[in-house]
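Just below is one structure, and these are the notes that go with it.
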Amino acid sequence: MTGECDFKVTLLGTGVPIPSPDRFGPATLVEAGDQKLLIDAGRGAAIRLYQLDIPIGRIDALLLTHYHSDHTSGIPDVWLTGWLQSHFGTRRTPFHVIGPVGAKTLMENLERAYALDIKIRIEDEKLEPSGIAVSVDEFERDGVVYEKNGVKVIAFEVNHGDVIKPAYGYRIEYGGRSVVISGDTRFHPNVIEYGKGADLLIHEVAAARPELMKEAFIQRIIGHHTTPQEAGRVFSQAKPKLAVYTHLVLLASEGIPPVTLGELISETRRTYDGPLEVGEDLMSLEITDKVAIKRLAR
Ligand SMILES: [Zn+2]
Ligand SMILES: [Zn+2]
């Protein structure tokens, strides 16, 4: 296959709630054919799109995995800045949001919160109201949630903890190839089922040193996520062409440092010996008959 790759995933933010300049909030861009989908919009998602020279208003749909604020705090920026007339904005059609139940309430309340800005810009800058309108599709079970121009997105439920509901992952299919994104979850067989034979499996991960695991609050956090050994079990059974970590929950305390990326990999190697990469912000994964990793300088 030659020419421009038409199925590409870029990790916009590989971080967690920590306001780190190195790892922005969770957000993943999927470009398939003429479609551009954003999976979650954590802190800084609009900045990362700008770095890629992609007009923020060019996003066809925002798909949400769950409602923890680290995955949603970038929404107003993507929505509002994407409406501006400048080259970095340019949206003229409604902002399309797809998510489990809760998306409508979230977007209605954002419309209320920013009502004055919207009114001012319509009057002052003569911006088209159609570009700031919001169109929300909610779902409450596994199934196809988006289908356009050969791109199909299937949502599947995951388990992010007993009270952190709803929580979903996504499988994106295009041209006979597929990308699976776990969302935030504990070890969950759905990720294996939907991830079977995927070209690319992007999984969250959480780790802490054994000394730190004695703390109850650390155990609670780890209990909401997937450990490297558990993620390795998912990868071993799903057998993707490439497994990539994102959403790195690497816990630390004053006296106990976080595990290193090398240790993260060696822990995973106890249960998985296939292709594995630790994601970083602005890492692109080009999917053809193989998955090529490209890094963009920040
Ligand atoms: Zn998260
Ligand atoms: Zn979460």
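Tell me the residue from Leu282, Leu200 that is more than 16 Å from ligand 1 (Cβ to nearest atom) and at positive phi, please.
Leu282
Could you check Ile293 against (1) under 30 Å from Val163 (Cα atoms); (2) surrounded by fewer than 17 Cβ atoms within 10 Å (Cβ to Cβ) and say which number it fails?
Exception for Ile293: condition (1).
Residues being within 16 Å of ligand 1 (Cβ to nearest atom) and open to solvent by 10 Å² or more (accessible area, probe 1.4 Å): count how many of those fall in region 188-197. Talk me through it step by step, then tell me what you get.
Residues of region 188-197 that are within 16 Å of ligand 1 (Cβ to nearest atom), as a first pass: 188, 191.
Add one more test, that the residue is open to solvent by 10 Å² or more (accessible area, probe 1.4 Å), and what stays is 188.
Here the count works out to 1.
Can you go through Arg177, Arg171 and tell me which one is out of contact with any Pro (no Cβ under 6 Å at 6 or more places or on another chain), under 29 Å from Ala292 (Cβ atoms) and without any contact (Cβ under 8 Å) to a residue 40 or more places away in the chain?
One residue alone meets the criteria, Arg171.
Out of region 75-100, which residues are in contact with a strand residue (DSSP E or B) (Cβ under 6 Å, 6 or more places away or on another chain) and open to solvent by less than 10 Å² (accessible area, probe 1.4 Å)? Before the answer, list the steps.
Residues of region 75-100 in contact with a strand residue (DSSP E or B) (Cβ under 6 Å, 6 or more places away or on another chain): 79, 94-98, 100.
Correct list: Trp79, Phe95, Val97, Ile98, Pro100.
Go through region 19-38 residue by residue and tally those that are over 23 Å from Leu84 (Cβ atoms) and touching a strand residue (DSSP E or B) at 6+ places or on another chain (Cβ under 9 Å). Don't jump to the end; show me each part of the working.
We begin by selecting, within region 19-38, every residue over 23 Å from Leu84 (Cβ atoms); these are 19-23, 26, 28, 30, 32-33.
Filter once more, keeping what is touching a strand residue (DSSP E or B) at 6+ places or on another chain (Cβ under 9 Å): 23, 26, 28, 30, 32-33.
Within region 19-38, residues that are over 23 Å from Leu84 (Cβ atoms) and touching a strand residue (DSSP E or B) at 6+ places or on another chain (Cβ under 9 Å) number 6.
Kindly indicate which of Glu108, Glu125 is among the acidic types (Asp, Glu), more than 16 Å from ligand 1 (Cβ to nearest atom), modelled with pLDDT of 95 or more and open to solvent by less than 70 Å² (accessible area, probe 1.4 Å). Steps first, answer last, please.
Details: Glu108 fails: open to solvent by less than 70 Å² (accessible area, probe 1.4 Å).
Residue meeting the stated conditions: Glu125.
Might you check whether a residue that is away from ligand 1 (no atom under 16 Å from the Cβ), open to solvent by 40 Å² or more (accessible area, probe 1.4 Å), aromatic (Phe, Trp, Tyr) and out of contact with any Cys (no Cβ under 9 Å at 6 or more places or on another chain) occurs anywhere in region 2-12?
no
Residue under question is Thr14, and the condition is that it be under 12 Å from the mean Cα position of the chain (by Cα) and more than 22 Å from Gly102 (Cα to Cα); does it hold?
yes
Would you pick out the residues in region 245-298 that are within 23 Å of Phe217 (Cα to Cα), of a type in the set (Asp, Glu) and without any contact (Cβ under 8 Å) to a residue 60 or more places away in the chain?
Within region 245-298, Glu254, Glu263 qualify.
Go through (1) crowded, with 24+ Cβ neighbours inside 10 Å; (2) within 14 Å of the chain's Cα centre (by Cα); (3) at negative phi and name the single condition Arg171 misses.
(1)
Quickly run through region 27-86 and pick out the residues that are in a loop (DSSP other than H, G, I, E, B), of a type outside the set (Val, Ile, Thr) and away from ligand 2 (no atom under 16 Å from the Cβ).
Here is the first cut: in region 27-86, the ones in a loop (DSSP other than H, G, I, E, B) are 33-34, 40-44, 52-55, 59-60, 64-68, 72-74, 82-86.
If we keep only those that are of a type outside the set (Val, Ile, Thr) as well, we get 33-34, 40-44, 52-53, 55, 60, 64, 66-68, 73-74, 82-86.
Passing the criteria: Gly33, Asp34, Gly44, Leu52, Asp53, Pro55, Asp60, Gly82, Trp83, Leu84, Gln85, Ser86.
The values are calculated or read from the model by the stated rules, or taken from the named source; none is laboratory data. Everything numeric here is computed off the predicted structure, so don't read it as measured data. When we count neighbours, we look across all protein chains shown, and the Cβ atoms used for this are built from the backbone with ideal geometry, even at glycine. Remember, those area values only see protein heavy atoms, side chains included, never the ligands or the DNA or RNA. Shrake-Rupley method; radii C 1.70, N 1.55, O 1.52, S 1.80 Å.
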